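Chemist: Just dropping this structure here.
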Amino acid sequence: MIHFRKTFMELNVSVKEKKRFLSSAVQDKIVHYIFLLNGIFTVIILIGIFALLFSTAIPTFKEVDLFGFLAGLEWNPTSYVKEQYGIVPMLVSTFMVTLGALAIAIPIGIGAAAYLSDVASPKVREIVKPVVELLAGIPSVVIGFLGIVIVGPFLAKVFGLYNGLNALNGSILLAVMALPTIISISEDALSSVPQSYDQASLALGASKWQTVVRVKIPAALSGIIAACMLGMGRAIGETMTVLMATGCAPAMPESFLGPVRTLTSTIAIELGEVAYNTTHYYALFAVGLVLFIITFIVNFISDTILHRYEKVHR
Amino acid sequence: MKNKNVTQFIGFMFLRLCIVLVIGALCIILYDIFSKGLPAISWEFLTESPKKGMTEGGIWPAIVGTFFVTVITALLSIPLGMGCAIYLNEYAKDGKLTRLIRMSIRNLSGVPSIVYGLFGVVLFVQMMHLDTCILSSGLTLGLMTLPWTITASEEALKSVPQSYRDGSLALGATKWQSIQTNVLPYAVPGMLTGTILGLARAAGETAPILFTGAAFFLPFLPKNWSDQFMALPYHLYIMSTQHHAIAEVRPLAYGTALVLIVLVFLMNLAAIIARYKLRKIRLE
């Protein structure tokens, strides 16, 4: 009897162990699929954003024709006479502010990146890099606030304007916001240029400056371009700074010293005041869709450049 | 020869000027906010509600609101972000699906914050009938921070040596067991560091919460997740552009900006210190 009990227990243990082994294998599979689903979730979100924007934007075009939307020169959805849904003024505004920002940020950004990678001592680099990152950490609403209290009055004084809330103000602020992105990615690109390039250039008698300008920057160019495109994507999609600092007059922009109203600030201003499921509401989603598509294209281009660049360097 | 040196001198001066401009911008920002914001800070400012049409009083409800929203953001973005990073770094083989997932993550990180706001309005506020509340805003911000969490978590997982996994697998452990015992303990601190940085950015964001739950002014603190809330960044926006007496409340706006910046920097600092400490521990 004792003997029997013993074998039974042994048997029991081995079954248990088998079960445990099986269950851990099953568990492993289940966990694998959970994580897989988790990965697929990101794809679903991206598609979901596009699908929801698209489906909410579509009803706009029951009342507004697509051509009038994309090429219309006036945006006036609350007019008593005839509502106008033309997004050209916003597109022009967005590109004005963005290009202005890039004109400021690209030279400074590349210069700062070149300084960090080729001029600064390692010690200085260790200190300066986190400082640049700190700049990236400042919330956009704070930058916009500074546009009102510092940059605005400054521009008003310099150009003799009534107030300094205009496209130039927005450009300056967006440049500040795009700089950390441009600097850190350009610096990565410059640092990953093989040492042998420097050495060859220096050995041929070129100065350090000539090496930086004629060898390293051209060699890192695709990375630098990608950095600038990423900065551009950020600038196009930025909402709070332009909302607060550019004056936001919904008309065709006249100059860099006049008020402008970008795609993002139009959505931010009007969505709060509009009733759900009206043409105006749908039209704002159509504006959002346009914004989504523009940033998607810009990011896609920068991504392609970066990817190709990585391949070349491996 | 001399000419070359002169060019180099001027060139390097230009590069120095660039970095000085960047650091100068940061200094101007910090100096202005700190010098004009500090006088507004007092115990009452930090612990009281706005009073008399928001011309007096403090920002306590906005601090509480930002805190609650950030908690929801973290609850959504940390588990999903870590899960996705684990899949990409531990399970995924290089293939079409993996490339599609990676492409989606990169694109998600480029989607403008206001577009996340629109998405949140349709999905959470309207379709899921959550209405404008802390939950809607937190979930919207959670989706927005997801790509950052994933990228940071994956970096942390990559830094765990392959031999840790191999050792465990060779002893007969399953993949999940190896990940649990030999990968996650070393990667989780790094993952959290990156996540805190993402949450700091989310806490300072305004555009996604504009239409999903942030309120102009509320006389009471939010009691549960289905209440509307006041948030620091939105409060700053209101105080600097929408208030009826903008010039009069400027000191309060500066105070709000200071609190917001200090909050974001403290979160950054916590993450940086954590990273530094962990690196030290690992080296020992």
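What follows draws every value from the coordinates through simple rules; no lab data is involved. From a predicted model like this one, the values you see are computed outputs, not experimental measurements. Using ideal geometry, Cβ is built from the backbone for each residue, glycine included, and neighbour counts are taken over all protein chains shown.
Chemist: What is the residue count in region B:4-19 for residues that are surrounded by 16 or more Cβ atoms within 10 Å (Cβ to Cβ) and either within 26 Å of the chain's Cα centre (by Cα) or more than 7 Å from chain A (Cβ to nearest Cβ) (or both)? Before you say what the answer is, go through the steps one by one.
Modeler: Filtering region B:4-19 for residues surrounded by 16 or more Cβ atoms within 10 Å (Cβ to Cβ) gives B:8, B:11-12, B:15, B:18-19.
From what is left, the residues that are either within 26 Å of the chain's Cα centre (by Cα) or more than 7 Å from chain A (Cβ to nearest Cβ) (or both) are B:19.
Looking only at that region, the number is 1.
Chemist: Same structure again: Based on this model, can you work out whether A:Ile148 counts as part of a helix (DSSP H, G or I) and under 21 Å from the mean Cα position of the chain (by Cα)? Before you say what the answer is, go through the steps one by one.
Modeler: Numbers: part of a helix (DSSP H, G or I): yes; under 21 Å from the mean Cα position of the chain (by Cα): no.
Considered against the rule, which asks whether it is part of a helix (DSSP H, G or I) and under 21 Å from the mean Cα position of the chain (by Cα), A:Ile148 comes out as no.
Chemist: Can you give me the number of residues within region B:243-259 that are surrounded by fewer than 19 Cβ atoms within 10 Å (Cβ to Cβ) and either at the interface with chain A (Cβ under 10 Å from one of its Cβ atoms) or charged (D, E, K, R) (or both)?
Modeler: Number satisfying all stated conditions: 3.
Chemist: Also, quick follow-up: Is it true that some residue in region A:243-261 is in contact with a helix residue (DSSP H, G or I) (Cβ under 6 Å, 6 or more places away or on another chain) and of a type in the set (D, E, K, R)?
Modeler: Within region A:243-261, one or more residues are in contact with a helix residue (DSSP H, G or I) (Cβ under 6 Å, 6 or more places away or on another chain) and of a type in the set (D, E, K, R).
Chemist: Another one. Restricting to region A:225-279, name every residue that is in a strand (DSSP E or B) and either touching a Lys or Arg at 6+ places or on another chain (Cβ under 9 Å) or among the basic types (Lys, Arg) (or both). If you could, list the steps in order and put the result at the bottom.
Modeler: Looking only at region A:225-279, we keep the residues that are in a strand (DSSP E or B), and these are A:247, A:260.
A:Gly247, the sole residue that qualifies.
Chemist: Still on this model: Considering only region B:119-126, I want to know if a residue exists there that is surrounded by fewer than 18 Cβ atoms within 10 Å (Cβ to Cβ) and within 23 Å of A:Asn277 (Cβ to Cβ).
Modeler: First, pick out the residues of region B:119-126 that are surrounded by fewer than 18 Cβ atoms within 10 Å (Cβ to Cβ): B:126.
The next check asks that each one be within 23 Å of A:Asn277 (Cβ to Cβ); those that pass are B:126.
Within region B:119-126 (the criterion being surrounded by fewer than 18 Cβ atoms within 10 Å (Cβ to Cβ) and within 23 Å of A:Asn277 (Cβ to Cβ)), the answer is yes, since at least one residue qualifies.
Chemist: Still on this model: Conditions: (1) more than 25 Å from B:Met239 (Cβ to Cβ); (2) without any contact (Cβ under 8 Å) to a residue 40 or more places away in the chain; (3) part of a helix (DSSP H, G or I). A:Pro153 meets all but one. Number of the miss?
Modeler: (1)
Chemist: Looking only at residues in region B:170-183 that are hydroxyl-bearing (Ser, Thr, Tyr) and touching a residue at least 12 places away in the same chain (Cβ under 8 Å), which one is farthest from the other protein chains (Cβ to nearest Cβ)?
Modeler: Selected residue: B:Thr181.
Chemist: I want to confirm something. Restricting to region A:88-143 and keeping residues that are touching a Cys at 6+ places or on another chain (Cβ under 7 Å) and free of Cβ contacts under 8 Å to residues at least 40 places away in the same chain, which single residue is surrounded by the fewest Cβ atoms within 10 Å (Cβ to Cβ)?
Modeler: Initially, region A:88-143 is screened for residues touching a Cys at 6+ places or on another chain (Cβ under 7 Å), giving A:102, A:106, A:108, A:111-112, A:115.
Subsequent filtering for residues that are free of Cβ contacts under 8 Å to residues at least 40 places away in the same chain retains A:111, A:115.
Values: A:Gly111: 22, A:Tyr115: 25.
Restricting to residues being touching a Cys at 6+ places or on another chain (Cβ under 7 Å) and free of Cβ contacts under 8 Å to residues at least 40 places away in the same chain, the top hit is A:Gly111.
Chemist: Kindly provide the set of residues from region A:134-157 that are more than 25 Å from A:Pro250 (Cα to Cα) and more than 8 Å from chain B (Cβ to nearest Cβ), ordered by number. Show your work before the answer.
Modeler: Just the residues of region A:134-157 that are more than 25 Å from A:Pro250 (Cα to Cα), to begin with: A:134-139.
Result: A:Ala136, single match.
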